[in-house]
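Trainee: Mind looking over this structure? Questions follow.
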Amino acid sequence: MSNEPMTTKADDAIITVRNLSKYFDDFEALRDITLDVKRSEVLCLIGPSGSGKSTLLRCLNFLEQYDGGEVHLDGELIGWKDISHNPRKPLSSEALRKQRQHIGMVFQHFHLWPHMSALDNVAEALMSVRKLTKKEAREKAMTALTKVHLEDKAQNYPANLSGGQQQRVAIARAIAMEPRVMLFDEPTSALDPELVGEVLSVMKDLAAEGMTMVVVTHEMGFAAHVADRVAFLDSGRLVTCVPPQEMFGREPDDARVRSFLQTYRERNVV
Amino acid sequence: METELFVRYGPALLYGFGITILCWLVGSIGGVIVGFLLACLNRWGPRFIGWVIYAYVEVIRGTPFMIQLFILYYGGPYIGLLLTPVQAGIISFIIYGSPYFAEIFRSGFNAIPKGQIEAARCVGLPESRILWRIILPQMLVPITAPLTNFFIILTKETAILSVVTVPELLFQTQTMAAETFTFVEPFLVLSLFYWLMVVVTGWIGARVEQRVTRHLKRA
Amino acid sequence: MNFSFDTIWHNLPYLLAAARWTVIISVCGMAISLVWGTVLCATRLSANPFWRSAATLYISFFRGVPLLVQLLLFYYALPYVGLDLPAVEAAILATGMCSAAYTAEILRGALQSIPRGQTEAAYALGIPSFSLWRRILVPQAIRIGMPSLVNELILLVKVSSLASVVGISELTRIAQNITGETYRPLEIYITAAVIYFAINWILSISGRLIEKKLQIG
């Protein structure tokens, strides 16, 4: 690894999306999306609600079965076993499970398991997927919780944690598995405004460590200051994907981007 | 109240109470197990099994327990199924209870937020582990109250077993009433026994509910 | 064994005639249940602590003791207190009085699920108490409680089979009698089950139609 020149590593795409399309019955949710995510890059997906950004994110780990095109992670086709035939054949749940271990996901509504303590939420997959002993799993889970500054809340049940704390536990649950990429689906949208900061700061730390991240967000400040590139989606189409300076720094060329960002400008967010 | 009457018939009444509890416990626990399997088959089995289970649930819920009991106990011998009254009582209890339990479990499955299962899949948990570690423990919260409720309903259905001469509580009471020409006292005592079962079951249910919702309490 | 459709065909008219009594017992029982249940519900919610606990006691007794035992009590014990009711009337009364305990709880649940704000809004507008109940609370309670009330009626159709034990010639009893003559329990009881199922199926379909109608209105 150390022999590889830094330049190729930085340019190396970890996720490649080619001509992706997705339908919900007759509704075309995503159309012909082509996109690369580079290693250690932070890519933010923005756009109006219903534009398909969450759907795109959920296709990356096959929570949504995409209908056309391909998604690759490190060269491995995600979700489908065989796309040469129609209809396509999905992977066995066992094989899908293997792929998903490398893709961490954080949800808008946290989805912690309420009957387990914070520590056990993080340790569960380490035991049953990584096959660590209970003791090893808990130590490792503790390390992950420390990373999100919640080592003192390890024994709490989710009901006794604030929204921001719950979301940080959810992040710890994902990073404990040492994924190659992390997907964030509007991680701060369900939080009270005063709790947004602590979650974003943990995400910033992750980005600084070189984690590859794809983030669906309405936090334009985060997109502007942390993202390497920002993709704008509208009506299931990828309108543009550029560095944040280009997205936020000057008047956008595209009318849709302009009117979307205008609503934020009016509220002095960017 | 004639005390010596109850001294004489006390053992028979207690024996009947024992038979009632036996039929009730074995029958309803059997019903829970069968109902759980039905709910699982309905959720994870092939589509046509779902239809078969739906029909079974509707038919059993749409007909009186007494008729089901008669079909099994009186009709059974004609298809080579010779059962003692107690056996017939327990089996018909399992048949009668299982669709109600299946429905309770089905609603329990549906009560788990989809996102929690997605979260489990995202970290790669196997489906069996998701069932045992994520779905089942949480399902206990919404299903404990309806389960308790149905156990209580079943305590009362045991009385119907007397009709096919299961020597349970009501049967013994009727024998006593017929032999002594007293009606009010034995039936009051009988009511007391059922009331006791209902109260104890309700109490146990409340304790279980407390136990399974512990993690939801805010400190 | 051979399943004899002949036996079924032959005895179907008798079974259907008996099913009439099943319907009469359950419908009359439900009528008593609705009236008595409303009274119980009002008593249960009354401000007077004596009446309130009396209603609570009634409800817990009738819900805590098997209906079959209640039927036998009515049948055997009423003559003791000088009330000699014919069997059918006794069965209807017992069924209705037991069911009223459940109906009262259904209505109470429905009433309590109506947001308190509506009552407050009505008082703020100066709507009198009687109009509040008649025009606002009761219509909503019926709509909310309708599925449970239809369920209760279906339950009554099923428990009316218990009346066979005190010798009333309803469906189950007649099925028993025919079985005694023909020695064909499987055919006869399955036919009876089908009739019960058909009655309940019709009830649940009409229940759903009524619910739909109430929802639009």
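The values are calculated or read from the model by the stated rules, or taken from the named source; none is laboratory data. Nothing here was measured: the structure is a model prediction, and the numbers come from that model. All Cβ positions, even for glycine, are placed from backbone atoms using ideal geometry, and neighbour counts span all protein chains on display. These accessible areas exclude ligands, DNA and RNA; they are computed on the full protein's heavy atoms, side chains included. Shrake-Rupley method; radii C 1.70, N 1.55, O 1.52, S 1.80 Å.
Trainee: Mind listing whichever residues of the stretch A:202-223 are part of a helix (DSSP H, G or I), open to solvent by 30 Å² or more (accessible area, probe 1.4 Å) and in contact (Cβ under 8 Å) with a residue 24 or more places away in the chain? Don't jump to the end; show me each part of the working.
Mentor: Our first condition is that a residue be part of a helix (DSSP H, G or I); within the stretch A:202-223, this holds for A:202-208, A:220-223.
Next cut, open to solvent by 30 Å² or more (accessible area, probe 1.4 Å) only: A:204-205, A:208.
A:D205 - this is the single residue of the stretch A:202-223 that is part of a helix (DSSP H, G or I), open to solvent by 30 Å² or more (accessible area, probe 1.4 Å) and in contact (Cβ under 8 Å) with a residue 24 or more places away in the chain.
Trainee: Limited to the stretch B:64-82, what total is found for residues that are within 19 Å of B:G97 (Cα to Cα), open to solvent by 30 Å² or more (accessible area, probe 1.4 Å) and more than 8 Å from every other protein chain (Cβ to nearest Cβ)?
Mentor: Total meeting the criteria: 1.
Trainee: With the structure loaded, tell me whether B:V189 is under 30 Å from A:L126 (Cβ atoms) and either open to solvent by 50 Å² or more (accessible area, probe 1.4 Å) or touching a residue at least 40 places away in the same chain (Cβ under 8 Å) (or both) or whether it fails that test.
Mentor: Working: under 30 Å from A:L126 (Cβ atoms): no; either open to solvent by 50 Å² or more (accessible area, probe 1.4 Å) or touching a residue at least 40 places away in the same chain (Cβ under 8 Å) (or both): yes.
No.
Trainee: So, in the stretch C:147-190, how many residues would count as being in contact (Cβ under 8 Å) with a residue 60 or more places away in the chain, within 10 Å of chain B (Cβ to nearest Cβ) and farther than 18 Å from B:T63 by Cα?
Mentor: Of the residues in the stretch C:147-190, 1 are in contact (Cβ under 8 Å) with a residue 60 or more places away in the chain, within 10 Å of chain B (Cβ to nearest Cβ) and farther than 18 Å from B:T63 by Cα.
Trainee: How many residues, within the stretch C:1-50, are open to solvent by 50 Å² or more (accessible area, probe 1.4 Å), more than 26 Å from the chain's Cα centre (by Cα) and either under 17 Å from C:G96 (Cβ atoms) or not aromatic (F, W, Y) (or both)?
Mentor: Looking only at that region, the number is 7.
Trainee: Considering the stretch A:228-252 alone, what residues qualify as being open to solvent by 40 Å² or more (accessible area, probe 1.4 Å) and acidic (D, E)?
Mentor: Hits for the stretch A:228-252 are A:D228, A:E246, A:E251.
Trainee: Would you check which residues across the stretch A:64-105 are facing chain B (nearest Cβ under 9 Å) and crowded, with 21+ Cβ neighbours inside 10 Å and list them?
Mentor: A:R100, A:I103, A:G104, A:M105
Trainee: Still on this structure: Restricting to the stretch A:174-195, give me the number of residues that are at negative phi, open to solvent by 10 Å² or more (accessible area, probe 1.4 Å) and within 14 Å of chain B (Cβ to nearest Cβ).
Mentor: 6
Trainee: Any residue at all in the stretch B:43-54 that is more than 25 Å from C:T182 (Cβ to Cβ), crowded, with 16+ Cβ neighbours inside 10 Å and touching a helix residue (DSSP H, G or I) at 6+ places or on another chain (Cβ under 7 Å)?
Mentor: Here is the first cut: in the stretch B:43-54, the ones more than 25 Å from C:T182 (Cβ to Cβ) are B:43-54.
Filter once more, keeping what is crowded, with 16+ Cβ neighbours inside 10 Å: B:53.
Narrowing the set further to residues that are touching a helix residue (DSSP H, G or I) at 6+ places or on another chain (Cβ under 7 Å) leaves B:53.
Yes: the stretch B:43-54 contains one or more residues that are more than 25 Å from C:T182 (Cβ to Cβ), crowded, with 16+ Cβ neighbours inside 10 Å and touching a helix residue (DSSP H, G or I) at 6+ places or on another chain (Cβ under 7 Å).
Trainee: Just a yes or no: is a residue in the stretch C:134-146 within 14 Å of chain B (Cβ to nearest Cβ) and without any contact (Cβ under 8 Å) to a residue 40 or more places away in the chain?
Mentor: No - not one qualifying residue is present in the stretch C:134-146.
To keep it simple, each residue is scored yes or no on (1) farther than 23 Å from A:F184 by Cα; (2) in contact with a strand residue (DSSP E or B) (Cβ under 6 Å, 6 or more places away or on another chain).
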site	(1), (2)
A:H72	no, yes
A:G75	no, no
A:S84	yes, no
A:K98	no, no
A:I103	no, yes
A:P114	no, no
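Trainee: Run down B:T158, B:T180, B:T173, B:T201 and say which single residue is more than 22 Å from B:L38 (Cβ to Cβ), more than 10 Å from chain C (Cβ to nearest Cβ) and surrounded by 17 or more Cβ atoms within 10 Å (Cβ to Cβ). Quick ask: steps written out before the conclusion?
Mentor: Details: B:T158 fails: more than 10 Å from chain C (Cβ to nearest Cβ); B:T180 fails: surrounded by 17 or more Cβ atoms within 10 Å (Cβ to Cβ); B:T173 fails: more than 10 Å from chain C (Cβ to nearest Cβ).
On inspection, the qualifying residue turns out to be B:T201.
Trainee: With the structure loaded, tell me whether C:S148 is modelled with pLDDT of 90 or more and in a helix (DSSP H, G or I) or whether it fails that test.
Mentor: no
Trainee: Take the stretch C:191-210 and flag every residue that is touching a residue at least 12 places away in the same chain (Cβ under 8 Å) and β-branched (V, I, T).
Mentor: Residues satisfying the conditions are C:T191, C:I195, C:I199, C:I210.
Trainee: I need a count of the residues in the stretch A:13-57 that are surrounded by fewer than 22 Cβ atoms within 10 Å (Cβ to Cβ) and of a type in the set (K, R).
Mentor: 4
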